[in-house]
Amino acid sequence: MTKRTTSPFRYDIVGSFLRPDKLKAARTAFEAGNLTQAELTKVEDEAIIDLINKQEAAGLKAVTDGEFRRSWWHLDFFWGLQGVAFAIPEHGYFFHGEETRPGTVIVTGKVSGENHPFVEHFKFTRAHTSEGVEVKQTIPAPAQILVELLRPDVIEKVREIYPTNELLIADIVTAYRQVIADLYAAGARTIQLDDCTWGVLVAPLPEGFIVEEEKDEKEVRNELAQLYLTINNAVLADQPADLILNTHVCRGNYHSTWAAAGGYDDVADPLFTSENVHAYYLEYDTERSGGFEPLAKVSGDKQVVLGLITSKDGNLEDRQQVIDRIHEAAQYLPLDRLSLSPQCGFASTEEGNILTEEQQWNKIALVKSIAEEVWPEK
């Protein structure tokens with residue numbers, strides 16, 4: 001098998017890790033006004049250094065900060081942009097059997113990307129990671145903030161600044177390109193765009209998507225797919241040749257629950273054919289993700305990381321079943337272009353999924369062990 005020297009590696013992770021109890025307690029104290037920002041940052045710093053050491057000890061070739069400075073996998077990035085602020089809506093996101101705590105963002109002025117705090121977060125992680133180990137920076141995809149700002153309960157505020165979607169999209173693209181340029185200047189060579197927009201689009205469209213009577217669901221789905229592709233590709237275009245830009249597609253991950261169900265069939269074209277990423281990290285841990293047939297549409301020499309190990313519970317998968325599924329996927333995409341990871345992070349929000357830290361690391365050990373058997377590298 002081809003030896004992987006850049007992301008994705010044969011055994012990999014999506015990005016987030018369970019927050020340690022000390023960090024959770026510190027964030028609670030900070031929110032209550034009983035801890036200063038400097039004191040919280042000190043706890044975050046210590047927790048991230050410890051996490052980096054644990055990831056390296058686990059043999060990971062690419063590490064993250066576990067998203068330990070974030071409350072949400074996506075909203076914290078959004079409100080780090082200029083002209084975007086946190087807001088509390090009437091309801092949270094609706095997941096299967098559970099509603100999240102409420103949170104969203106609103107536009108307060110022109111959106112831009114200068115001085116994003118994630119750049120300093122990356123620098124800290126890079127400074128405490130061993131030479132030769134890659135630091136992967138995860139950020140939500142551009143399509144994700146567009147969807148958030150077009151919510152029915154947010155759009156009114158957006159229209160005060162941006163009368164058209166075209167103007168909004170143009171500034172989102174410019175802002176993202178600024179952040180990515182700053183991350184690159186800080187030494188980032190692998191950036192992962194986390195994207196639930198495709199994962200939701202595979203499911204029956206939520207009420208409110210179809211607003212024009214003459215359009216059916218398929219037509220609306222195709223229009224949305226082109227919209228998501230356009231904004232993502234505008235950010236991906238003309239980036240440095242040595243910058244690896246991957247994406248992770250998810251159907252929702254909150255406190256071990258999920259938001260959508262459906263195979264990749266309806267979005268494979270244009271997602272797999274036309275999105276200009278280096279690799280796709282794909283959720284494939286349950287039947288909710290459908291079959292592997294859509295992988296046949298992955299274009300060029302793009303790679304796929306199979307998320308066959310669930311991060312939603314602590315039970316270890318049957319080793320041989322995972323290996324068999326990898327070879328099943330290889331019927332549609334060459335084995336040499338495949339890798340293995342958990343289907344998502346272990347804590348897309350600070351609540352985390354329902355498993356222990358020991359189970360989390362056991363999952364990663366299983367991923368590594370299986371990958372070393374399936375893809376032996378000299």
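If R₀ is 35 angstrom, what is the calculated FRET efficiency for the pair D269 and E131, using the beta carbon separation as r and rounding to 0.05?
0.25
Calculated from the structure, Cα extents along the principal axes in Å equals which of [x] 70, 51, 38; [y] 58, 54, 43; [z] 64, 47, 37?
Of the labelled values, this structure produces [y].
Given a 10 angstrom Cα cut-off, can you work out which residue in A347, A141, A181 is the most mobile in a GNM of the chain?
The residue with the greatest mean-square fluctuation here is A181.
For the stretch 1-159, what does the relative contact order come out to in percent, with C-alpha contacts under 8 Å and a separation of six or more?
22
May I ask which residue of G187, S112, V220 lies farthest towards the positive end of the charge dipole of the stretch 101-225, with charges of +1 (Lys, Arg) and -1 (Asp, Glu) on Cβ and the Cα centre as origin?
G187
From largest accessible area down, sort E148, E156; use a 1.4 Å probe on the protein chains.
Result, largest first: E156, E148.
Output the DSSP H helices from the chain with an along-axis C-alpha extent of no less than 24 Å and a mean Kyte-Doolittle hydropathy no less than 0.0.
Span-like helices in the chain: 165-185.
Arrange the residues Y284, Y93 by how much accessible surface each exposes, largest first, with a 1.4 angstrom probe.
Y93, Y284
What's the extension gain from Q37 to A85 if we count 0.36 nm per residue and subtract their Cα-Cα distance?
Here the answer is 15.4 nm.
Relative contact order of the chain: what whole-number percent is it, with Cα pairs under 8 angstrom and at least 6 residues apart?
Computed value for the chain: 21 percent relative contact order.
Take the alpha carbon atoms of the stretch 1-74, find their center, do the same for the stretch 326-367, and report the distance between the two centers in whole angstrom.
Measuring centre to centre over Cα atoms gives 17 Å.
Given the Cα-Cα distance of A58 and A186 and 0.36 nm per residue of separation, how much length would full extension add, in nm?
Stretched out fully, the A58 to A186 stretch lengthens by 43.5 nm.
Compute the distance in nm between two label points, each set 7 Å from the Cα along the Cα-to-Cβ direction, one at N233 and one at T108.
Inter-label distance under the simple model: 3.6 nm.
Between A203 and E98, what length in nm is gained on full extension when 0.36 nm per residue of separation is reduced by their alpha carbon distance?
Residue separation times 0.36 nm, minus the Cα-Cα distance, leaves 36.0 nm.
Give K24/K136; K123/K157; K110/K297; K3/K218 a once-over and call out the pairs whose C-alpha atoms are over 31 Å from each other.
Cα-Cα > 31 Å for K123/K157; K110/K297; K3/K218; rest within.
Would you compute, from DSSP H runs of 4+ residues alone, the mean residue ellipticity of the chain at 222 nm, taking -39500 (n - 2.57) per run and dividing by the full residue count, rounded to the nearest 500?
-12000 deg cm²/dmol
The values are calculated or read from the model by the stated rules, or taken from the named source; none is laboratory data. Worth saying up front: this structure is predicted, and the values here are computed from it rather than measured. Reconstructed Cβ throughout: ideal geometry from the backbone, glycine too, with neighbour counts over all protein chains shown. What goes into the accessible areas is simple: the full protein's heavy atoms, side chains included, and nothing from ligands, DNA or RNA. Shrake-Rupley method; radii C 1.70, N 1.55, O 1.52, S 1.80 Å.
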